[in-house]
Amino acid sequence: MSGAARPIGIFDSGLGGLTVLRELHRQLPAEDLIYFGDTARVPYGTKGARTVTAFARQDARFLLRQDIKLLVVACNTASAFALDDLARELPVPVLGVIEPGLAAARRSTRGGAVGVIGTRGTITSGRYQAGLAGWLDPARIVANPCPLFVSLVEEGLLDHALTELACAEYLAPLREAAVDTLILGCTHYPLLKPAIARYMGPEVVLVDSAEALASAVVAELDRGGLRREGAGEGRLAYYLSDLPWTFRTEGERYLGKPIDHVETVNLDELEAS
Ligand code: DGL
């Protein structure tokens, strides 16, 4: 298959990365997109760097078997821990969610403080904070993990008293620091935008890493002459390492439309065969 006709591979720890696939499909409707969600091993956000990096390498190898032209790491935790290794090791361009999110935050801030929220792994890795410190006084960087947000989204409690409480608990330091921009550094958080905006106030810009990343993918394809043009609607294929009970409702929540067909794959068995 010619370079531009090959698919784009996207992986996440689970279903949350479908927010990234949705945005990619919106901005690049002609591209074939192959999604792999590591639902058997989710969450990544509570695990250490070595474990997440080993999982990310295996996820990437699965997608490389499908002859992808570009790899999107649609998971903030995997981007935080494994992006450098993957970019060095793989024969295709590799894009993660952190750099595009940082660039969008830089464009949006009006001289105030900048906040970032994510899983414990992402925030502990310090990747967002280090990127922000390249151009922002460290005293104006506020980072806070929001571990319960992922479960609230997975349970569909997007507009619920529990979510309001969690926002007050996790976002208070960001509101106190009067951040003018808040990076949503986790694939699940775009679904909590209304609740987060209600708590933070309308003047705070919420940076959605899915949108920022999709724009970066468009630029990378154009740079490499890899954009698939005029071939009709691209094919969307979904692979999961486990089929969670809630996958239909949850998947639809992230994707905004039903998932017609999904295949389950056991990566260990596949690699041993
Ligand atoms: N996909 C993860 C992220 O964006 C959130 C879920 C998890 O902890 O695996 O960091």
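Being charged (D, E, K, R), surrounded by fewer than 23 Cβ atoms within 10 Å (Cβ to Cβ) and either assigned to a helix (DSSP H, G or I) or touching a Leu at 6+ places or on another chain (Cβ under 8 Å) (or both) narrows it down to one of ARG41, ARG61, so name that one.
Residue meeting the stated conditions: ARG61.
Condition test on GLY115, is it touching a residue at least 60 places away in the same chain (Cβ under 8 Å), buried (at least 16 other Cβ atoms within 10 Å of the Cβ), touching a Lys or Arg at 6+ places or on another chain (Cβ under 8 Å) and not hydroxyl-bearing (Ser, Thr, Tyr)?
Judged against the criteria, GLY115 is not a match.
When the stretch 163-217 is examined, which residues are found to be of a type in the set (Phe, Trp, Tyr), touching a strand residue (DSSP E or B) at 6+ places or on another chain (Cβ under 8 Å) and farther than 30 Å from LYS69 by Cβ?
If the condition is that a residue be of a type in the set (Phe, Trp, Tyr), touching a strand residue (DSSP E or B) at 6+ places or on another chain (Cβ under 8 Å) and farther than 30 Å from LYS69 by Cβ, then TYR170 is the only one that fits.
Mind telling me which of the residues LEU213, LEU255 ends up being surrounded by 12 or more Cβ atoms within 10 Å (Cβ to Cβ) and under 30 Å from ASP180 (Cβ atoms)?
Matching residue, one of LEU213, LEU255: LEU213.
Residues being under 22 Å from the mean Cα position of the chain (by Cα), assigned to a helix (DSSP H, G or I) and more than 13 Å from VAL153 (Cβ to Cβ): count how many of those fall in the stretch 1-21.
Looking only at that region, the number is 2.
Which of the residues belonging to the stretch 189-210 are within 16 Å of the ligand (Cβ to nearest atom) and either at pLDDT 95 or above or of a type in the set (Ser, Thr, Tyr) (or both)?
TYR189, LEU192, LYS193, ILE196, LEU206, VAL207, SER209
Hey, does the stretch 83-104 have a residue that's in contact (Cβ under 8 Å) with a residue 40 or more places away in the chain, among the hydrophobic types (A, V, I, L, M, F, W, C) and farther than 23 Å from HIS25 by Cα?
Scanning the stretch 83-104 turns up no residue that is in contact (Cβ under 8 Å) with a residue 40 or more places away in the chain, among the hydrophobic types (A, V, I, L, M, F, W, C) and farther than 23 Å from HIS25 by Cα.
Need the failing condition index for THR19 against (1) modelled with pLDDT under 95; (2) away from the ligand (no atom under 12 Å from the Cβ), just the number.
Status for THR19: all satisfied but (2).
The values are calculated or read from the model by the stated rules, or taken from the named source; none is laboratory data. Here the structure is a predicted model, which means the values were calculated and not measured. Neighbour counts run over all protein chains shown; Cβ positions are idealised from the backbone, glycine included.
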